[in-house]
Amino acid sequence: YPSDAAKNVLAHTEYYTGVANVTFGEKAIDGANGTATMVIGSTTFVANGKVVTSDVAPFVKDGRTFLPIRALGEALGAEVAFDEATNVVTIKLDGKTVTMTLGSAVMTVGDKVVTMDTAAYATAEGRTVVPVRFAAEALGFDVEAVYATDGTTSAVNFSK
């Protein structure tokens, strides 16, 4: 028979949603350089241990996650340029140069041509967004999608 105390305990289950980054070892010591977390739909993200705000939130379109490249790139120390005449975005970081032309599925990484399965484009507000995995991996980042309980992408983690 259970004790009187055990009879008064209610059993329940709690579920929490959101994103938590926990780093152990060398990466925690180096001040989180080369790391970022962007939450889908949120204009606030964390890059290199600092909270940064962007005017465009990352989003999922046709099964691909897109993000505002200037905000994230610059927060991680990259040089980001956009040539309006040619619609080319150029991202430079750690000696690597990546270029994407809006509306084209072709990306160059240094002198190597890569065909993506989607293209960078400008939003209705005129902000350049790029497919997250292609751009980040081309710059040397590991990319990890975080999924919600319904299977949709809820956040993206970047690390070097």
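The values are calculated or read from the model by the stated rules, or taken from the named source; none is laboratory data. Predicted model, so just to flag it, every value in this text is computed and none were measured. Ideal geometry is used to build each Cβ from the backbone, glycine not excepted, and the neighbour counts take in all protein chains shown. Only protein heavy atoms, including side chains, enter the accessible area calculation; ligands, DNA and RNA are left aside. Shrake-Rupley method; radii C 1.70, N 1.55, O 1.52, S 1.80 Å.
Side notes on the structure shown:
- Probe 1.4 Å, all protein chains present, accessible-area order of Asp55, Asp111, largest first: Asp111, Asp55
- Shape of segment 51-142, Cα gyration tensor, a/c cut at 1.5: rounded
- Figure legend: label point modelled 7 angstrom from the Cα of Ala145 along Cα→Cβ; residues of segment 43-76 with amide N under 19 Å from it are 57-69.
- For peptides 129-138, 58-67, 146-155, sequence by mean Cβ density within 10 Å, most packed first: 129-138, 58-67, 146-155
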